[in-house]
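J.: Here it is, the structure in full.
Each value in this text was obtained by applying a stated rule to the coordinates, not by laboratory testing. In this text, all values refer to a predicted model and were calculated from it rather than measured experimentally. Counting neighbours? That spans all protein chains shown, and the Cβs are built from the backbone with ideal geometry, glycine included.
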Amino acid sequence: MKNCYKYTLLPVCVLFAVAACTPDTECRTEETVHCGVVFQCDSTVTTSDTTYSVTFNTIDSLTLTGVDNDSVLYDNQKSVTAIALPLRKNAEETRFNLTVNGRQDVLVVRHRNRDYFISLACGCFVYHDIDTAYTEGKLVKDTEILNTAVENTQQDNIRLYIHL
């Protein structure tokens, strides 16, 4: 009877060793999800006889930094249509200094953080649920939350309406 355990135990140990070494298909190389921000801009154009408004979604000369840290996310970036913002994992508010064509504003995103356990091999991701988004300045006319759930990097979460 003791020999039966010996012959059964070896294949079971080998099975566990092989299963422990198989890669987890849900693991991602990028562990931080980003809040996607898109722009809708308008500008007033005056010609010799008429004045009209032009709408576009590309920003020229964008600089974006984090508030309360020294991170520069975008440095005088040209032809920007969308940006990806990392939200704080250990706080429920994230602030960004936004500068477009020399004009400044502060973008404030209030969010709830949600831990999402993948597996022992992959660990835990932090997803976010946006509660509010607003600005503290005169560059951005309005903000609109398009999607409150920040769970990947390929989605638009916030639209900023800017008058240039």
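J.: For segment 47-106, go through all pairs of different Cα atoms, get the mean of 1/r, take its inverse, and jot down that Kirkwood value in Å.
T.: Hydrodynamic radius (Kirkwood, Cα only) of segment 47-106 equals 13.4 Å.
J.: Under the 0.36 nm per residue contour assumption, what length would be gained going from the current alpha-carbon distance of Asp75 and Glu144 to full extension?
T.: Separation in residues times 0.36 nm, less the Cα-Cα distance, equals 22.4 nm.
J.: Right, another one. Net charge near Asn76, counting Lys/Arg +1 and Asp/Glu -1 over other residues with Cβ under 15 Å of its Cβ?
T.: My count for the surroundings of Asn76 gives 0.
J.: I've got another one for you. Expected output is a single nm value to one decimal: the length gained when fully extending between Phe117 and Tyr134, i.e. 0.36 nm times separation in residues minus the C-alpha distance. What is it?
T.: Taking 0.36 nm per residue and subtracting the Cα distance, the gain is 3.1 nm.
J.: Applying the Karplus parametrisation 6.51 cos²θ - 1.76 cosθ + 1.60 with θ = phi - 60° to the phi angles of segment 118-128, what ³J(HN,Hα) value in whole Hz is obtained for each residue in order, glycine and proline being reported as x?
T.: 8, 6, 5, 6, 8, x, 10, 9, 10, 9, 10
J.: Around Val67, with a cut-off of 12 angstrom between Cβ atoms, what is the net charge of the other residues, counting Lys and Arg +1 and Asp and Glu -1?
T.: Once all neighbours under 12 Å are counted, the net charge is -3.
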